[in-house]
Amino acid sequence: MDEVRDKGPAPFHINETYEDEEEYGSGDAIFATQQKRPATEEERREESEESPDPKRRRYYQIAGNEDIYETECSIERYVKRALRWHYFFIFSNDKIRSFLQRTLPELKENYARCDKYEGVMRGVTREWKHETLKRMKKFVGNTMREQKAKPGIGLACIDGHGHLCEYFSSTFSDDVFYSVFYWLREIIDLERSSELGRWYARAIFSNLAAKCKVYISKVEAGDDSAASLWNDILLSWAAQGTNEKLAGIGKEHFKERVEKVKKGKSKNTKEQEKQKKQKLQREFLALDRPMQ
């Protein structure tokens, strides 16, 4: 993740709350518990059973040496990659915990570690959603502006969700898809995916683009109903995961990209770097350092 705190086993991502986004199953209650004061000795005894209720659980930092840290980072990459697939078909945070326990079965008995991963992964999906919607609005807005100089063609003459979906479906391309759903680029090779997989990606993209076009048009026209339409867009995002029209599509319908993982440094390499640093430190000249 982008932000790493000290040497904890799984780097935390700094999560933001956005004014225009009410997350469906966002887990705000879980984030709120992370800001509470440290538990007293008496409170720790009362919670020694580690209640499975997310609203009651507390969060703990898991300490470890450098090797444990690197192991956790590797596990986190594995979980985050699996999360990309999970979220592409669910579009909601409601099942994050069950996803984690299915992906890492050892988390079922380790509430503290599961809480930690749950908080981190919820933050990841919240960012994916926010950034994807932001990119889609930018893509649609740019397309509308480019076509204003071409009277009689394009989006300016298209109205209605069905016609707009047909337009964005007809102009769909892999590059356009990746520019918006950026978090899927490293796992999905659309060009080599099945026809059904490509249809799914195009359907998700064109429906969202159509809704954003109507929203942008209302905003530009000063229509007061734009705010409620944006709320509908947020709700439709999560509704994709339970839409029967999209049922039956899974990972098997896509060509998965091979993950390129950088090899970690061996212990010998680390020791050599340590010795080189010590040599460079000895060579450093602290000229005329004044006495304290």
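Rule-based calculations on the coordinates, nothing more; no lab input. In this text, all values refer to a predicted model and were calculated from it rather than measured experimentally. A quick note on method: Cβ atoms are made from the backbone with ideal geometry, for glycine too, and the neighbour counts reach across all protein chains shown.
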*Select from the stretch 208-277 those GluC sites (Glu not before Pro) which occupy a DSSP coil region and have at most 16 other Cβ atoms within 10 Å, ordered by residue number.*
Glu259
*Quote to one decimal, in nm, the extra length available between Gln281 and Arg102 on full extension: 0.36 nm per residue of separation minus the C-alpha distance between them.*
59.6 nm
*asked:* With +1 assigned to the C-beta of every Lys and Arg and -1 to the C-beta of every Asp and Glu, and no other charges, what is the dipole magnitude of the stretch 68-257 about the Cα centre in debye, to the nearest 20?
replied: 140 debye
_Full-stretch length increase - Lys134, Glu195 - with 0.36 nm per residue and alpha-carbon distance subtracted_ = 19.2 nm
*Got a sec to turn the phi values of the stretch 180-197 into Karplus ³J(HN,Hα) couplings, 6.51 cos²θ - 1.76 cosθ + 1.60 with θ = phi - 60°, whole Hz, x for Gly and Pro?*
9, 8, 4, 6, 9, 4, 7, 10, 10, 9, 4, 4, 9, 7, 5, 4, 5, x
*What fraction of the Cα pairs in the stretch 68-257, stated in percent, has a spacing above 30 angstrom?*
27 percent
*Which of the residue pairs Lys80/Lys116; Lys211/Lys255; Lys137/Lys218 have a Cα-Cα distance greater than 21 Å in the structure shown?*
Lys211/Lys255
*asked:* What is the distance in Å between the Cα centroid of the stretch 73-144 and that of the stretch 157-216?
replied: 21 Å
*Looking at the stretch 210-284, which chymotrypsin sites (Phe, Trp or Tyr not before Pro) are DSSP coil and have at most 13 other C-beta atoms within 10 Å of their C-beta?*
Phe284
*Cut-off under 5 Å, modelled amide H: who pairs with Lys255 long-range*: Asp189, Ser193, Ser194
_Virtual paramagnetic centre 7 Å along Cα→Cβ of His161, amide N under 19 Å, in the stretch 92-131_ = 92
*asked:* Applying a 10 Å radius around every beta-carbon, put 123-134, 165-176 in order of their mean neighbour count, most first.
replied: 123-134, 165-176
